[in-house]
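Please read the structure below before turning to the comments.
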């Protein structure tokens, strides 16, 4: 099923440049999509200088292609290079009818048994041509990497490194060319092109991404275009699942909303009642504190002790880092003092002030209780005779 899909999805790329090189001639053909039709917009030859060094020849080839792309406004990012049969190890073989996965494994075993290269030093692929016939091809990795480097050094991006299979036949008609089961329209500048064998191979190279049946690609996997079909299928499945979950969630969303609304209403009413109750409790507590203070003043007044004088005097002997929180008068004119201190040094200094004040207090103070609270302050209780 997947084999009848286009080999790659190119994010709506609408132009491809096919290249074929033989005997010092570089054939170029560009296909471009216009008005929902694929048209041959460029088809020419470039003559290369004869060189013995393959690296120099590749550099010259890439440089000439780059200059032609800039001059003719051709694409530099979607190039397909077709290699001749003499450049690769390849042959045609007949296999029995079998699933594609099994055919792929059989082709791999076939190449391992016959390839003239050392193990792990070559790249291989195959092309099922129908009726059990398969074209197998292999090329040395080092040669492929040299091609990639030469093209990348000149700012060119290879999509595919394919190979001549001997089945690249074209049919010429007025204003169009039939190749590989597809129809390509010619334009004014390409109508008079002489479609010799090398030019036809460059056309097949340019059309490689458009053919329904997968062709040969001898680029290493990391340099091949990403198979976006799987990404889009994954995204589609994810979106379908998300829509399903959204539908399931939406069935109870309204009921959940109603329950939450009723819950919010009840929570608001409870919060309002809680605030009223809290305000009443705070009011009662404040009233009790005021009443207690009044009782202390009355008690002090009845015992003949000036409350004003006592408070003023306590203010003069209270030290820094000590706070008084409660005063009460018990039997025998005993003053109960409660408070907090930052540390025991401050509390000790506070008690020492009482001991030194013999004119107001006749006896030494008694520390009844002290402890460290959760706020790291010392809570204390002191008694002293007036």
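Please treat every number below as a calculation from the coordinates, not as lab data. Everything quoted here is computed from the prediction, not taken from an experiment. Ideal geometry is used to build each Cβ from the backbone, glycine not excepted, and the neighbour counts take in all protein chains shown.
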Self-check item: Crossing angle, helix 100-114 versus the chain [Cα axis fit, 0-90 degrees, rounded to tens]
Solution: 60
Exercise. Output the relative contact order of the chain, whole-number percent, from Cα pairs under 8 angstrom with separation of 6+ residues.
Key: 16
Quiz prompt | Top of 163, 322, 147 by mean-square fluctuation, Gaussian network on the chain, Cα under 10 Å | solution = 322
Quiz prompt | Helix axis angle, 54-72 relative to the chain longest principal axis, alpha carbon, degrees | solution = 80
Quiz prompt | Mean projected area in nm² (Cα convex hull; one quarter of hull surface) for the stretch 17-144 | solution = 10.3
Practice problem: Could you work out the Kirkwood radius for the stretch 175-227, taking every pair of different alpha carbons, averaging 1/r and inverting it, reported in Å? | Solution: 12.9
Quiz item: Once the Cα atoms of helix 197-206 and of the chain are each reduced to a long axis, what angle between those two axes, in degrees from 0 to 90 to the nearest 10, is obtained?
Solution: 20
Quiz item: What order do you get for 370, 264, 202, 146 when you list them from fewest to most C-beta neighbours inside 10 Å?
Solution: 264, 370, 146, 202
Quiz item: Where does each of 341-351, 372-382 land if you order them by average Cβ count within 10 Å, highest first?
Solution: 341-351, 372-382
Quiz item: 222 nm [θ] for the chain, helices only, -39500 (n - 2.57) per DSSP H run of 4+, per residue, to 500?
Solution: -14000 deg cm²/dmol
Quiz item: How high is the FRET efficiency between residue 262 and residue 328 when r is their beta carbon distance and R₀ equals 30 Å, given to the nearest 0.05?
Solution: 0.05
Exercise. Once you have the Kirkwood Rh of the stretch 314-386 from its Cα pairs, apply Stokes-Einstein at 10 °C and 1.306 mPa s and quote D in µm²/s.
Key: 128
Practice problem: Report the far tail of the P(r) of the stretch 2-223, meaning the percent of Cα-Cα pairs longer than 29 Å. | Solution: 25
Quiz item: When DSSP assigns beta bridges and you keep just the ones with both residues in the stretch 2-223, what percent turn out antiparallel, to the nearest 5?
Solution: 80
Quiz item: Hey, what D do you get for the chain in µm²/s if you plug the Kirkwood alpha-carbon radius into Stokes-Einstein at 37 °C and 0.692 mPa s?
Solution: 110
Practice problem: Considering only 282, 252, 326, give the residue with the highest GNM mean-square fluctuation for the chain, with springs between Cα atoms whenever their separation is below 10 Å. | Solution: 326
